[in-house]
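Report on the following structure.
The values are calculated or read from the model by the stated rules, or taken from the named source; none is laboratory data. Note that this is a predicted model, so its numbers are computed, not measured. Cβ atoms come from the backbone with ideal geometry, glycine included; neighbour counts cover every protein chain shown. Side chains included, ligands, DNA and RNA excluded: accessible areas come from the protein's heavy atoms. Shrake-Rupley method; radii C 1.70, N 1.55, O 1.52, S 1.80 Å.
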Amino acid sequence: MRTLFFTVCSLRQYPQALVLGHSLQQHHPDCVFSIGLADQPERLPVVAPRPFPVVGTQPLTIVDFQKFIEKYTWLEVLHALRPHFARYFFDRYPSANNLVFLSPESWVLSPLTGLLECLTEHPIALLPQRLHPSHDGHWPAERHFLNVGVYQGEAWAVRRSAETARFLDWWSVRLREKGWLRLCEGYGLDQLWLNLVPA
């Protein structure tokens, strides 16, 4: 296996994760897709189909996990778990050289060739929120992205490397400590921290 695709979802988002997985298979028929569930898999309804591997939070190594989930809203928890699942999947699948995260709301409409090609040259591939600056001064203006992040947290990719391991460790700690959605205080979930990746 060279590339593992994954998502992180709640029980409510599980059907969306299934749609994402099937859309991925249409364009990457040999891909491996896993679902990180921000819960325990036993809580999925018995009748829920399981065409893809589902991993709950149990195997994640998060210090004081109970305090962690009590500190945040469910939205904040979902976003803060993303780098933790990425670290887990790298450990769980040593043959995976690349990890591609897609939010459960994603729907793949064509092969993700360009994103995967970026990983041949760079250990981390990010997608910008905007490709062109705003010229009319209306919403969303550039200042809006200073709070929510310049890069899209809903899709990113990493290649196995020492630099990636350091990044995922750092990102996991930042989100464990400061993964809020408090725009007026300068916190924009997981994607705000992606601003620092180029540095």
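Miscellaneous remarks
- Structure remark: mean-square fluctuation, Gaussian network model of the chain, C-alpha springs under 10 Å; the largest value among L127, L37, L81 belongs to L127.
- Accessible surface, 1.4 Å probe, highest first, among residues C9, C31, C118: C118, C31, C9
- Each residue of segment 19-31 was assigned a 3J(HN,Hα) from its phi angle through the Karplus curve 6.51 cos²θ - 1.76 cosθ + 1.60 (θ = phi - 60°); the sequence is 4, 4, x, 5, 5, 4, 4, 5, 9, 9, x, 9, 6 Hz, with glycine and proline shown as x.
- Using the Cα coordinates of segment 1-94, the gyration tensor eigenvalues translate into equivalent-ellipsoid semi-axes of 23, 16, 11 Å, sorted from longest to shortest.
- Entry note, segment 6-163: relative contact order of 27 percent, from Cα contacts under 8 Å with a spacing of 6+ residues.
- With every protein chain in place, segment 12-58: carbon and sulfur % of accessible area (1.4 Å): 54
- Each Lys and Arg adds +1 at its Cβ and each Asp and Glu adds -1 at its Cβ; summed about the Cα centre, the chain shows a dipole of about 280 debye.
- With both residues required to sit in the chain, DSSP beta bridges show an antiparallel share near 50%.
- For W180, distant residues with modelled amide H under 5 Å away: L189
- Only helices enter this figure: runs of n ≥ 4 DSSP H residues, each worth -39500 (n - 2.57), summed and divided by the residues of the chain, yield -10500 deg cm²/dmol at 222 nm to the nearest 500.
- Around S103: net Lys/Arg minus Asp/Glu count, Cβ-Cβ under 10 Å: -1
- Each residue of segment 80-90 was assigned a 3J(HN,Hα) from its phi angle through the Karplus curve 6.51 cos²θ - 1.76 cosθ + 1.60 (θ = phi - 60°); the sequence is 5, 7, 4, x, 5, 5, 4, 4, 4, 5, 4 Hz, with glycine and proline shown as x.
- Shape of the chain, Cα gyration tensor, a/c cut at 1.5: rounded
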